[in-house]
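Just so it is clear, none of the values below were taken in a lab; they were calculated from the coordinates. The structure presented is a predicted model; accordingly, all values stated were derived computationally and were not measured. Neighbour counts run over all protein chains shown; Cβ positions are idealised from the backbone, glycine included.
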């Protein structure tokens with residue numbers, strides 16, 4: 001199963017290695033075989049997206065979707081989201097915020113900054129695994145635009 005007719009890369013920006021493993025494990029369990037890149041801090045995510053720093057000589061995948069945690073070291077998810085959606089180069093990249101907050105003000109802030117989907121990570125393991133399974137099913141039918 002692929003997320004798109006052409007291969008879409010999933011950029012997971014998550015600093016919790018346990019959450020990252022659980023997300024990838026549950027995606028693979030659904031036979032989603034898309035490339036998954038995990039980045040653990042905000043600055044590295046921005047560098048990857050804009051081909052800066054250690055990613056200066058790499059090319060961003062043509063089809064990309066971002067799964068973004070908000071609580072990250074160096075740059076937080078809000079700052080990353082603001083940069084992604086504030087640039088003509090990256091604004092069309094779909095961003096799914098995947099975080100533990102249920103605060104309605106924070107959810108509204110993410111949508112105001114341009115996130116495409118906001119998902120609260122449940123604290124309970126079984127509910128978290130179920131949420132990731134549903135996310136994987138959702139991703140399996142989403143069409144992602146070409147990068148600019």
remark   = Checking 131, 108, 45 against a Gaussian network model of the chain (alpha-carbon springs below 10 Å), the top fluctuating residue turns out to be 108
message = Just to be sure I understand: with springs between alpha-carbon atoms less than 10 Å apart, which residue in 43, 59, 83 has the highest mean-square fluctuation in the Gaussian network model of the chain?
response = 59
ask   = So how compact is segment 17-139: Cα radius of gyration and Dmax in angstrom?
value = 14.2, 40
task = For residue 76 paired with residue 100, estimate the spin-label separation in nm (one decimal), with each label point 7 Å from Cα along the Cα-to-Cβ line.
result = 1.4
key: Translational diffusion coefficient (Stokes-Einstein; Kirkwood radius from C-alpha pairs) of segment 25-93 at 10 °C, 1.306 mPa s, in µm²/s   = 122
inquiry  = Considering only C-alpha atoms, what is the centroid distance from segment 1-70 to segment 96-143, in Å?
reply    = 15
query = Where is the GNM fluctuation largest for the chain (alpha-carbon springs, 10 angstrom cutoff): 63, 105, 19?
reply = 105
